[in-house]
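Here the structure comes first, spelled out in structure tokens, and everything after it is commentary.
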Amino acid sequence: ASPVLIALVSVLWLHERFSRFQTLGVALAIAGVVHVIIRGHWTALGHVQWVPGDLWIVAATLAWAGYVVLQRHWGTPLSAAAHLCAVAIGGLVVLLPFVLWELAQATSPAVGPTALWLMVLGGVVPGAGAFWCYSFVQRQLGVSRASAQLYLGPLYGAAFAWMFLGEPVGWHHAVGAALILPGIWLVSQTGGGKSPA
């Protein structure tokens, strides 16, 4: 839902163009993502039960959409790398008290060398690397077109799970890819820039 919200707000507030073909592309990509998540069993959607944690996910989705659009609205003279560093430092300042509080709890597990190494790896590769790439793509393509690339996440997840965890790849992944990839291609086509004032 997040890329759809980002595209909608970008069109209404930032006046980015979004064509009918790009709208079709978003619809295809969403269908592909859902197909992967439910493993091709569309009837399973009728048995979904909402829990309080789902509200946190909705809040996170809205927060991410607002964050992405506001980044574009409040432009910065900083380069992509400098901007990422500024955001990371701000996040560190906000989160550090909570981290220290959690570590002080008696029930918190000890943080050993393996955990520290995984934290560093997670911070550098999917953290700094991914956010820098996303920021660069957003500047090149615009907010709405860049956000549609998030629909590739389930395909990347399935590929990495197959490579590193030995999880099987099923037909639902292939069908999802057959919907997601053309959808992303359509979204990436003409449009997505500023509309004339």
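The values are calculated or read from the model by the stated rules, or taken from the named source; none is laboratory data. Keep in mind it's a predicted model, so treat the numbers as computed, not measured. Reconstructed Cβ throughout: ideal geometry from the backbone, glycine too, with neighbour counts over all protein chains shown. SASA here: full protein model, heavy atoms, side chains in, ligands and nucleic acids out. Shrake-Rupley method; radii C 1.70, N 1.55, O 1.52, S 1.80 Å.
Here are the numbers for this structure:
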read-out	value
Carbon + sulfur, % of accessible area of the stretch 1-140 - ligands and nucleic acids excluded, 1.4 Å	76
Inter-label distance for residue 57 and residue 73, nm, one decimal - labels placed 7 Å from Cα along Cα-to-Cβ	2.7
At least 18 Å along the helix axis (C-alpha) and Kyte average at least 0.5, DSSP helices within the chain	20-37, 52-73, 80-104, 171-187
Choice from 23, 107, 61 showing the highest fluctuation, given a GNM over the chain with Cα pairs closer than 10 Å	107
Residue-span extension gain [residue 50 to residue 139] - 0.36 nm each, minus C-alpha spacing	28.4 nm
Neighbourhood net charge (15 Å Cβ-Cβ; Lys/Arg +1, Asp/Glu -1) for residue 161	0
Choice from 98, 21, 131 showing the highest fluctuation, given a GNM over the chain with Cα pairs closer than 10 Å	98
Residue 96/residue 181 FRET efficiency (R0 30 Å; Cβ-Cβ; nearest 0.05)	0.15
Accessible surface, the chain, averaged per residue in Å² (probe 1.4 Å)	67
Structure-based [θ]222 nm, the chain - -39500 (n - 2.57) summed over DSSP H runs of at least 4, per residue, nearest 500	-22000 deg cm²/dmol
